[in-house]
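Novice: Encoded as structure tokens, here's the structure I'll be asking about.
What follows is calculated from the coordinates using simple rules that are stated; it is not laboratory data. Since we're looking at a predicted model, the values are computed, not measured. Every residue, glycine among them, receives a Cβ derived from its backbone with ideal geometry; neighbour counts consider all protein chains shown.
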Amino acid sequence: MQSAKKRELCYESRDAYHKCLDTLPEDPEKECSAQKTALGKACPSSWINYFEKQREREVILQLQLEHSNTRGGQ
């Protein structure tokens, strides 16, 4: 089990990486590489995999909600 400080650093790194991705950079691999590297150093790979799957689900849900709203909720 990771210490509280390590978990906090991991979460902060995840949040910084996701914030960078949220800016919709033209080249996310290049423009968010520093944040992705920090995430890789701060978090176990199993956590990173979980975070990526979680973000993917959230993005899909958001797109579905936006699509539903543009169709008038039909």
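Novice: Within segment 13-28, which residues are surrounded by fewer than 14 Cβ atoms within 10 Å (Cβ to Cβ) and in contact with a helix residue (DSSP H, G or I) (Cβ under 9 Å, 6 or more places away or on another chain)?
Specialist: Those that are surrounded by fewer than 14 Cβ atoms within 10 Å (Cβ to Cβ) and in contact with a helix residue (DSSP H, G or I) (Cβ under 9 Å, 6 or more places away or on another chain): K19, T23, P25.
Novice: Could you tell me how many of the residues in segment 32-43 are surrounded by 12 or more Cβ atoms within 10 Å (Cβ to Cβ), farther than 14 Å from D22 by Cα and touching a helix residue (DSSP H, G or I) at 6+ places or on another chain (Cβ under 8 Å)?
Specialist: Residues that pass the stated criteria total 5.
Novice: Is it the case that some residue within segment 56-63 is surrounded by 12 or more Cβ atoms within 10 Å (Cβ to Cβ) and without any contact (Cβ under 8 Å) to a residue 40 or more places away in the chain?
Specialist: Taking segment 56-63 first, the residues surrounded by 12 or more Cβ atoms within 10 Å (Cβ to Cβ) are 59.
Now drop any that are not without any contact (Cβ under 8 Å) to a residue 40 or more places away in the chain, which leaves 59.
Looking through segment 56-63, at least one residue is surrounded by 12 or more Cβ atoms within 10 Å (Cβ to Cβ) and without any contact (Cβ under 8 Å) to a residue 40 or more places away in the chain.
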